[in-house]
Amino acid sequence: MDKLIITAAICGAEVTKEHNPNVPYTVEEIVREAKSAYDAGASIIHLHVRSDDGTPTQDINRFKECMEAIKIACPDVIVQPSTGGAVGMSNDERIQPVNLSPEMATLDCGTCNFGGDDIFVNTENTIKEFGKKMIEQNVKPEIEVFDKGMVDMALRLNKKGFIKDNMHFNFVMGVNGGISATYRDLIFMKESIPGDATFTVSGIGKAQFEMVALSILLGGHVRVGFEDNVYMKKGVPAKSNGELVEKVVRIANELQREIASPIEARSILGLGGR
Ligand code: KMH
Ligand code: ZN
């Protein structure tokens, strides 16, 4: 079994300081959270950025500033910008960080209800456009899927040349409107991807650590962080993203799965390194 790649989704676009005062907005706060996760064992930082007042933005200059500052604090970490941004953003806004040629970026492979009137829109043409751009910029997509049909979409677009082989998936489980975070459904998702593909799992809310434990057992990788969950356990807010990563490391140790360093994560994911 490969060593375990831990991704920290430190910020997200929807979670706020009302949910947990440690959610980062400013560049300094984003670097603080990235470093806490990296020091605890995360090899990938999944990055959204905000304006200082907390408003989500996909501004290329804000990404550049944050990525450069993270790289100083966490020299070998893999920074994976979001191209999902926030609900309601245009494609042109969302794709901006790919122009910085990061090693990875997310590629959301379908449309999903996010609760209430919120719809996270990803048409087939959007996915094709983003996939093509990532190939041109030599960016490995983390294929975000919120349901099984999105896996099928990614497989079709792989056959058509919009997504390269050796695909890496992120199963986002437990979103209001997406696949539920159950053991049955995680096994179903794992069995739906090609044998040479890798996967990570993002359990939303209280499902986060159950999904972590099962993914570790299944040979998958894991994502934790404030984007998906702000609690250590019921009623106990996490002090930092690092605290959430530390909990993953404890679970992995008990289950005898070693943690991948950033260099090892690059090798597992077939990244060239920058
Ligand atoms: N904030 C969601 C609308 C991604 O990072 O690619 C989209 C999202 C997915 O978080
Ligand atoms: Zn995200």
(request) Just flag the GluC sites (Glu not before Pro) in segment 202-274 sitting in loop per DSSP whose Cβ has no more than 12 other Cβ atoms within 10 Å. (result) Glu258
(request) Give me the compactness ratio for segment 170-245, meaning the Cα radius of gyration over 2.2 N^0.38 Å. (result) 1.08
(request) Find which of Val79, Met1, Ile163 sits farthest along the positive direction of the dipole of the chain, computed with +1 on the beta-carbon of Lys and Arg, -1 on that of Asp and Glu, about the Cα centre. (result) Met1
(message) Need the list of lysines near Lys206 for cross-linking: C-alpha distance under 29 angstrom, and skip anything on the same chain fewer than eight residues off.
(response) Lys3, Lys17, Lys35, Lys148, Lys190, Lys233, Lys234, Lys239, Lys247
(request) Enter the Cα centre distance for the pair segment 146-190 and segment 65-138, rounded to the nearest angstrom. (result) 16
(request) Would you compute, from DSSP H runs of 4+ residues alone, the mean residue ellipticity of the chain at 222 nm, taking -39500 (n - 2.57) per run and dividing by the full residue count, rounded to the nearest 500? (result) -11000 deg cm²/dmol
(request) Going by C-beta contacts inside 10 Å, put Cys109, Cys74, Cys66 in order with the fewest on the left. (result) Cys74, Cys66, Cys109
(message) To make sure I understand the rule: partners must be lysines, Cα under 17 Å from the Cα of Lys128, and not fewer than 8 residues away in the same chain. Which ones qualify?
(response) Lys140, Lys159, Lys160, Lys164
(request) May I ask you to derive the relative contact order of the chain, considering only C-alpha pairs under 8 Å and at least 6 residues apart, and to give it as an integer percent? (result) 23
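None of the figures in this text is laboratory data; all of them are computed from the coordinates on show. Owing to the predicted nature of the structure, the values given are computational and were not obtained by experimental measurement. Neighbour counts are summed over all protein chains in view; Cβ atoms, including those assigned to glycine, are modelled from backbone coordinates with ideal geometry.
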